[in-house]
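Inspection log for the structure reproduced underneath, given as structure tokens.
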Amino acid sequence: MQIENFKIFADLVETKSFSKAAKLNGITQSAVSQQARAMERHFKTLLIDRSQKQFQLTREGYRVYESAKEMLHTYDKLMCELQEMKKVISGTIRISTIYSIGLHELPPFIKKFLHDFPSVNVRVEYRRSNLVYEDILHNAVDFGLVAFPVKQRQIEVLPFRNDHLVLITPPGHPLAKRGEIDVKELGAQKFIGFDPDIPTRKAVDQIFREHKLEIEPVMEFDNIETVKRAVEIDHGIAIVPQATVAQEVKQGSLVMLHFKGRAFTRPLAILHRKGRVLTPAMKKFVEILGLDLPEMRES
């Protein structure tokens with residue numbers, strides 16, 4: 001048995017999917033199945049209960065999984081310690097992020113990181129929020145970036161920064177010259193929103209509920225770029241994160257209004273799988289983001 005065999009098996013157990021485990025390891029689904037059967041032959045016992053419709057381990061399979069995780073953790077820790085002894089900062093950092101953070105918050109940090117550590121590759125995937133959590137749980141990525149983070153037992157949540165929510169209108173809109181506005185004045189406006197399952201949409205809906213407004217969006221989209229384009233062509237107004245519209249406001253294609261009397265914020269966070277060993281490159285990346293490493297426990 002090689003360390004790769006145990007990694008593939010652990011990925012299979014955690015994803016409960018032969019296809020997902022195959023994708024994580026860059027092999028075919030058939031190869032994952034063959035690896036699982038090879039381990040069963042090696043240990044002379046069934047590891048996967050194939051009589052069940054859903055993926056399920058036998059008692060022996062769960063014990064092998066527990067030991068595999070311990071071995072993988074020890075191996076990763078050893079590799080990181082050797083890199084640190086050699087003062088090597090290299091490798092690949094994989095990031096899963098929602099569109100708004102990946103496009104508007106992350107680029108300056110990645111630019112600085114790649115300038116300081118040119119031997120490191122950074123791969124960024126743009127995902128819906130729920131899929132970012134899934135990527136972290138399945139060890140498909142090293143870090144995730146989300147808004148309005150939700151606590152989960154296996155995920156470390158590191159507060160990153162707070163963004164403000166603002167109202168945007170096209171330049172010719174009647175509200176455009178106001179500078180600031182009361183939330184209660186939005187009741188009669190055509191409103192463009194994010195899809196209902198997106199955390200920022202849920203936060204905006206909560207703002208409306210608090211102010212006893214019943215607003216049904218005339219359009220709904222799954223990403224910030226499409227929302228902005230719809231506002232630019234005067235299909236309605238929208239509440240969006242301030243950082244995402246800086247360029248359009250500067251160019252004059254959108255007008256930004258703040259809310260009277262209260263600032264509505266959108267907390268952003270970095271996600272990391274608990275127990276994951278940090279490579280030297282990953283530690284440096286966290287430092288570039290300005291986060292405190294001791295908060296990232298290896299438990």
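Where a number appears in this text, it was derived from the coordinates with a stated rule and is not lab data. What you see is a predicted model; the values in this text were computed from it and never measured. Ideal geometry is used to build each Cβ from the backbone, glycine not excepted, and the neighbour counts take in all protein chains shown.
Please list, or write none, the lysines whose alpha carbon is within less than 23 Å of the alpha carbon of Lys177, excluding same-chain residues fewer than 8 places away.
Those lysines meeting the cut-off are Lys190, Lys228, Lys250, Lys260.
Place the peptides 165-176, 129-140 in order of packing, highest mean first, counting for every residue the other Cβ atoms within 10 Å and averaging per peptide. Please list the in-between numbers first.
Numbers: 165-176: 17.7, 129-140: 19.4.
Ranking, from highest mean packing down: 129-140, 165-176.
Amide H to amide H, which residues 5 or more places from Asp163 or on other chains are under 5 Å from it, using H placed in the peptide plane?
Amide H neighbours of Asp163, under 5 Å, 5+ apart: Arg266, Leu268.
Per DSSP H run of n ≥ 4, the term is -39500 (n - 2.57); total these for the chain, divide by its residue number, and report the mean residue ellipticity at 222 nm rounded to 500 deg cm²/dmol.
-12500 deg cm²/dmol
Rounded to the nearest 0.05, what FRET efficiency do Arg178 and Lys202 give with R0 = 22 Å and r taken as the Cβ-Cβ distance? Could you check? Intermediate results must be reported in sequence, preceding the final value.
Numbers: r = 26 Å, r/R0 = 1.19.
It comes to 0.25.
Straight-line reach from Lys212: which lysines have Cα under 16 Å away, leaving out those fewer than 8 places along the same chain?
Lys184, Lys202
Normalising by the residue count of the chain, find the relative contact order in percent from Cα pairs under 8 Å and 6+ residues apart.
Numbers: 472 pairs, mean separation 64.5, N = 299.
Across the chain, relative contact order equals 22 percent.
In which sequence would Met282, Met85 go, from the one with the fewest C-beta neighbours within 10 Å to the one with the most? It would help to have the intermediate numbers written out before the result.
Details: Met282 23, Met85 8.
Going from least to most buried by this count: Met85, Met282.
Assign one of three labels to the range 162-266, namely rounded, prolate or oblate, based on the Cα gyration tensor with a ≥ b ≥ c the square roots of its eigenvalues; rounded applies when a/c is under 1.5, prolate when it is not and a/b is larger than b/c, and oblate otherwise. Display every interim value, and only then the final one.
Values: a/c = 1.28, a/b = 1.16, b/c = 1.11.
In terms of gyration-tensor shape, rounded.
Using a Förster distance of 35 angstrom, determine the FRET efficiency expected from the C-beta separation of Asp49 and Arg123, and round it to 0.05. It would help to have the intermediate numbers written out before the result.
Details: r = 35 Å, r/R0 = 1.01.
In this case the efficiency is close to 0.50.
Considering Cα pairs under 8 angstrom that are at least six residues apart, work out the relative contact order of the range 1-57 and quote it in whole percent.
The value is 29 percent.
Run down the lysines and flag those whose C-alpha is under 30 Å from the C-alpha of Lys283, throwing out any fewer than 8 positions away in its chain.
Lys283 reaches Lys7, Lys16, Lys20, Lys23, Lys69, Lys77, Lys86, Lys87, Lys111, Lys112, Lys151, Lys274.
Using +1 at the C-beta of Lys and Arg and -1 at the C-beta of Asp and Glu, which of Ser19, Val64, Met79 has the Cα lying farthest in the positive direction of the dipole of the range 3-85?
Going by the Cα projections, it comes out as Ser19.
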